[in-house]
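To start, the structure under review is shown below, and the notes come after it.
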Amino acid sequence: MANNINKARADFPILDQQVNDERLAYLDNAATVQRPTPVLQKLMDFYQHDNANVHRGVHTLAERATEDYEQARVKVQHFINAQSSDEIIFTKGCTDGLNLVASTYGEQNVHAGDEIVISIMEHHSNLIPWQQLAIKKGATLKYIGLTPDGELDMKDAARQITDKTKIVAVAHASNVLGVVNPLRELAELAHSHGAVLVGDGAQAVPHMPVDVSALDVDFYAFSGHKMMSPMGIGVLYGKADLLRAMPPYQYGGEMIGDVHRQESTWADIPFKFEAGTQNIAGAVGLGAAVDYLKELGMENVQRAEQDLVDYVLPQLEELPYVTVYGPQDPGHHTGVIAFNLDGLHPHDVATALDMDGVAVRAGHHCAQPLMEELGLTATARASFYFYNTKQDADQLIKAIKETKEFFNGGTF
Ligand code: 7TS
């Protein structure tokens, strides 16, 4: 593999293509990123040489597959600095991990009159599980608001989190505003009131060094497909003592201790939470993605993205007809940039940009309460990854100018 971040783009043949007769500038990385050849190769190798079900057979392939699967767990453990690989549960993705916590820890610990605190910038995946839990239990769901700069209002956090709070659940990085939230401070605040902190790491783990021990989060969920693994695999980190005290999420094979006609016991963690045949190849692919990111160095990944933001954000902000959401200071902004063009619907903008080869997303980005808070129904969103280049950024700016001209009938 190209272990130099400047050469890494060559590992992504998908990026080297034309769409609508234009060079592709793939800027929809917050939705999903692309996979490098070494990850695809690992997947192929696994299916061609080692594929078997895990933890079941004593035959050689089953042992090899089990070894690969468990090694992937250890790789993830070290990548996010968990204390033990038992604290790494493989899930279908971030959404699945958050639902797991709501359905087990939440079910067990939230009662009528309790409070759950989330932020107004949450993705629906870190909102609806808590909303439904609150409805079911007769608990109250409260929201931490934003500062005028579009960052999490920590003064409001201190107001919202009280002794009635049982769970605080907040995104580590927003998929719309491009902000990174202070999870360590939120964890301290939550713990001082006897609550747990659930971190949604979907937009953080692929882009910056993440240390769950230093953050002192109790649970932390993320998706593999946003960090170059196959689809359909993700991770839930949980502190071992909490996971051990929680009931299972689903029932079936693999998660049991002993089964009798009328009663059963459960396996120890992490297997208690991995009922049925898991996405074994997905986990193996995630392990390969972790290897790839480690070789690049997460500091380098973060710096490469920051360089792109420093380059493109001021250019966007300079355009009088463009509104950028979230912090205007590039130093406070991740590679997720939500924006609108005056008088144009973001879907029209995204369609026009696609004609120029620029792939962006438009819509509410699964964050409708945030849109409501901002007085919007939708935005366009460009989102960068380390393999993007200044050429991609230039193409975005040029396409935005052309779009404005086109819709203005050339009068702009
Ligand atoms: N949390 C955040 C902050 C996210 O951005 C997403 C996905 C999820 C949770 C859910 O992840 P999943 O892999 O389980 O679906 N965000 C986006 C997005 O912004 N555009 O497409 C998916």
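The values are calculated or read from the model by the stated rules, or taken from the named source; none is laboratory data. Remember, it's a predicted structure, so these values are computed and weren't measured experimentally. A quick note on method: Cβ atoms are made from the backbone with ideal geometry, for glycine too, and the neighbour counts reach across all protein chains shown.
Look through segment 15-42, keep the residues that are among the hydroxyl-bearing types (S, T, Y) and out of contact with any Ser or Thr (no Cβ under 9 Å at 6 or more places or on another chain), and return whichever of them is farthest from D200 (Cα to Cα).
Quick first cut of segment 15-42, residues among the hydroxyl-bearing types (S, T, Y) only: 26, 32, 37.
Right, trim to out of contact with any Ser or Thr (no Cβ under 9 Å at 6 or more places or on another chain) and you get 26, 37.
On the way: Y26: 24, T37: 28 Å.
Result: T37.
Conditions (1) among the β-branched types (V, I, T); (2) away from the ligand (no atom under 14 Å from the Cβ); (3) without any contact (Cβ under 8 Å) to a residue 24 or more places away in the chain, marked per residue:
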{"position": "K137", "(1), (2), (3)": "no, yes, no"}
{"position": "V170", "(1), (2), (3)": "yes, no, no"}
{"position": "G194", "(1), (2), (3)": "no, yes, no"}
{"position": "A202", "(1), (2), (3)": "no, no, no"}
{"position": "P206", "(1), (2), (3)": "no, no, no"}
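Within segment 310-322, is even one residue touching a residue at least 60 places away in the same chain (Cβ under 8 Å), assigned by TED's automatic domain parsing to the domain that holds G201 and surrounded by fewer than 22 Cβ atoms within 10 Å (Cβ to Cβ)? Full working, then the answer.
Restricting attention to segment 310-322, the residues satisfying the condition of being touching a residue at least 60 places away in the same chain (Cβ under 8 Å) are 311-312, 315-316, 319, 321-322.
Keeping just the survivors that are assigned by TED's automatic domain parsing to the domain that holds G201 gives none.
No, every residue in segment 310-322 fails to be touching a residue at least 60 places away in the same chain (Cβ under 8 Å), assigned by TED's automatic domain parsing to the domain that holds G201 and surrounded by fewer than 22 Cβ atoms within 10 Å (Cβ to Cβ).
This table checks each residue for (1) among the hydrophobic types (A, V, I, L, M, F, W, C); (2) in a helix (DSSP H, G or I); (3) at pLDDT below 95.
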{"residue": "Q83", "(1), (2), (3)": "no, no, no"}
{"residue": "G97", "(1), (2), (3)": "no, yes, no"}
{"residue": "G113", "(1), (2), (3)": "no, no, no"}
{"residue": "M121", "(1), (2), (3)": "yes, no, no"}
{"residue": "L133", "(1), (2), (3)": "yes, yes, no"}
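Of the conditions (1) under 20 Å from G97 (Cα atoms); (2) within 12 Å of the ligand (Cβ to nearest atom); (3) not small (G, A, S), D241 fails just one. Which one is it?
For D241, the exception is condition (2).
Determine whether L353 is among the hydrophobic types (A, V, I, L, M, F, W, C) and either in contact with a Pro (Cβ under 6 Å, 6 or more places away or on another chain) or assigned by TED's automatic domain parsing to the domain that holds Q395 (or both).
Considered against the rule, which asks whether it is among the hydrophobic types (A, V, I, L, M, F, W, C) and either in contact with a Pro (Cβ under 6 Å, 6 or more places away or on another chain) or assigned by TED's automatic domain parsing to the domain that holds Q395 (or both), L353 comes out as yes.
Check off (1) in contact with an Asp or Glu (Cβ under 8 Å, 6 or more places away or on another chain); (2) over 30 Å from A65 (Cβ atoms); (3) surrounded by fewer than 18 Cβ atoms within 10 Å (Cβ to Cβ) for Q368 and give me the number that stays unchecked.
Every listed condition holds for Q368 apart from (1).
Could you tell me how many of the residues in segment 21-53 are within 30 Å of S174 (Cβ to Cβ), assigned to a loop (DSSP other than H, G, I, E, B) and more than 16 Å from the ligand (Cβ to nearest atom)?
Result for segment 21-53: 2.
Could you check segment 173-186 and list, in sequence order, the residues that are more than 8 Å from the ligand (Cβ to nearest atom) and either crowded, with 23+ Cβ neighbours inside 10 Å or not in a helix (DSSP H, G or I) (or both)?
Start the filter on segment 173-186 by keeping residues that are more than 8 Å from the ligand (Cβ to nearest atom), which leaves 177-186.
Within segment 173-186, L177, G178, V179, V180, N181, P182, L183, L186 qualify.
Is one or more of the residues making up segment 120-132 more than 15 Å from the ligand (Cβ to nearest atom) and either of a type in the set (S, T, Y) or not assigned by TED's automatic domain parsing to the domain that holds C366 (or both)?
So in segment 120-132, the residues more than 15 Å from the ligand (Cβ to nearest atom) come out as 132.
Within this subset, residues satisfying the condition of being either of a type in the set (S, T, Y) or not assigned by TED's automatic domain parsing to the domain that holds C366 (or both) are 132.
Yes, segment 120-132 contains a residue that is more than 15 Å from the ligand (Cβ to nearest atom) and either of a type in the set (S, T, Y) or not assigned by TED's automatic domain parsing to the domain that holds C366 (or both).
In segment 221-270, how many are within 14 Å of the chain's Cα centre (by Cα) and either of a type in the set (D, E, K, R) or exposed (fewer than 13 other Cβ atoms within 10 Å of the Cβ) (or both)?
Qualifying residue count for the region: 1.
May I ask you to verify whether D216 is surrounded by 23 or more Cβ atoms within 10 Å (Cβ to Cβ) and either at positive phi or within 16 Å of the ligand (Cβ to nearest atom) (or both)?
On the way: surrounded by 23 or more Cβ atoms within 10 Å (Cβ to Cβ): no; either at positive phi or within 16 Å of the ligand (Cβ to nearest atom) (or both): yes.
No, not satisfied.
Among the residues of segment 105-139, which ones are surrounded by fewer than 21 Cβ atoms within 10 Å (Cβ to Cβ) and closer than 18 Å to D218 by Cα?
Of everything in segment 105-139, those that are surrounded by fewer than 21 Cβ atoms within 10 Å (Cβ to Cβ) and closer than 18 Å to D218 by Cα turn out to be E107, Q108, N109.
With the structure loaded, tell me whether Y325 is more than 16 Å from the ligand (Cβ to nearest atom) and in contact (Cβ under 8 Å) with a residue 12 or more places away in the chain or whether it fails that test.
On the way: more than 16 Å from the ligand (Cβ to nearest atom): no; in contact (Cβ under 8 Å) with a residue 12 or more places away in the chain: yes.
No: the conditions fail for Y325.
Residues are listed down the side, and each one gets a yes or a no for (1) in a loop (DSSP other than H, G, I, E, B); (2) under 24 Å from L24 (Cα atoms):
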residue: Q328; (1), (2): yes, no
residue: T334; (1), (2): yes, yes
residue: G343; (1), (2): yes, no
residue: L353; (1), (2): no, yes
residue: A362; (1), (2): no, yes
residue: M371; (1), (2): no, no
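Considering only residues that are of a type in the set (S, T, Y) and either more than 10 Å from the ligand (Cβ to nearest atom) or part of a loop (DSSP other than H, G, I, E, B) (or both), which ones fall in segment 219-238? Even if it seems obvious, please write down each step before you answer.
The initial filter retains those residues of segment 219-238 that are of a type in the set (S, T, Y), namely 220, 223, 229, 237.
Scanning segment 219-238 gives Y220, S229, Y237.
Which of (1) in contact with a His (Cβ under 9 Å, 6 or more places away or on another chain); (2) within 16 Å of the ligand (Cβ to nearest atom) is the odd one out, the single condition T91 does not satisfy?
The failed condition is (1).
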